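Below is one structure, written out as structure tokens; comments come after it.
The values are calculated or read from the model by the stated rules, or taken from the named source; none is laboratory data. Just so it is clear, the structure is predicted and the values come from calculations on it, not from any experiment. All Cβ positions, glycine included, derive from the backbone under ideal geometry; neighbour counts span all protein chains shown. Ligands, DNA and RNA are stripped out before the accessible areas are found, and what is left, the full protein with its side chains, is counted by its heavy atoms. Shrake-Rupley method; radii C 1.70, N 1.55, O 1.52, S 1.80 Å.
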Amino acid sequence: MVVAAALFALMGLFVKLGARHFSSTELVFWRTLIGAVALGGAALWRRERFPTPLLRYHLQRGVIGYVSLLLSFYAIAHLPLATATTLTYTSPMFLALLSVLLLKEKLPSRAVAGLALGFAGVALLLRPTLSGEVWFAGLMGLASGFLAGWSYLHVRELGRQGEAEWRVVFYFALISTLGGLLLMLLERWHPVTADNVGLLLGLGVTATLAQLAMTRAYKVGRKLTAANLSYLTVVFSSLIGVWMWNDALSPSSLLAMALIVVSGMLAGRR
């Protein structure tokens, strides 16, 4: 999970650099296309079975997850990397909230306290954003976290149904690639050149390897430990932001990020 967190932070770096050359829709398309080809090729090599009786769940998860990824890339392109990453990592909060609203689950008191802390952190983090010119990007980042939490409900159901992890990741990449291709018919394609192809390859490779490392961590490790370590992505993203763009985080922003991280940890202790 530590490796996955570092790779996800590097993915954010490639998204931010790639936004100078491509739209968010294009970046998502290339990211998921590379993942679909890599995972599909590996599955063919291992002679895995692609048909699944759970296609409906894959479609629902794929569509929701694709929109979440699209909004996340938009937020990364227009916000400081640490801020955008933190907003995306509100997904455990929303997963806990949706579990109560949709599945009628009961949360322990610590999870309820975590939700309260998390939403306080979101309000604190978005306060300067909402008063500036990038308020829309901030709301898109928060919406990405909500949709990611919603998609994890479908992932959890797929796991309960006994679906193989590789098929969950592969069908998400495939559906997102097809969705991106449809949207790209409405946009202008930017040319892939020798100057920017490295950014696309870096984006696709880091995202795919991060997804596989995260899946491995949840499969063989303690789920709670893995979930808590995933928040290292916020730390790594903050360091990359300082290193690449001299992003200065105010004390209130650091406090807000800490509240959201603690919230996710508490919400996951169920």
(request) In a Gaussian network model over the chain where Cα atoms closer than 10 Å are linked, find which of L147, L69, L17 has the largest mean-square fluctuation. (result) L17
(request) Take the alpha-carbon centre of segment 117-180, take the same for segment 238-262, and report the distance between them in whole Å. (result) 20
(message) Computing the accessible area with a 1.4 Å probe over protein heavy atoms, can you report the carbon and sulfur percentage for the chain?
(response) 69
(message) Please identify the DSSP H helices in the chain that span no less than 18 Å along the helix axis (Cα) and have a mean Kyte-Doolittle hydropathy of 1.6 or more.
(response) 2-18, 232-245, 251-268
(message) Taking 8 Å as the Cα distance limit and 6 or more residues as the minimum spacing, I'd like the relative contact order of the chain as a percentage.
(response) 44
(request) Can you bin segment 74-203 into rounded, prolate or oblate? Criterion: square roots of the alpha carbon gyration tensor eigenvalues sorted a ≥ b ≥ c, rounded for a/c under 1.5, prolate for a/b above b/c, oblate for the rest. (result) oblate
(request) Divide the volume of the convex hull of the Cα atoms of the chain by its number of residues and quote the answer in cubic angstrom per residue. (result) 130
(request) For the chain, with a Gaussian network of springs between Cα atoms less than 10 Å apart, report the residue from M93, M184, M244 with the top mean-square fluctuation. (result) M244
(request) Which order do the peptides 35-42, 168-175 take when ranked by the mean count of other beta-carbon atoms within 10 Å per residue, highest first? (result) 168-175, 35-42
(request) Over the chain, give the accessible area per residue in Å² for a 1.4 Å probe, as an integer. (result) 49
(request) Find the centroid of the Cα atoms in segment 1-49 and in segment 60-82, then give the distance between the two in whole Å. (result) 13
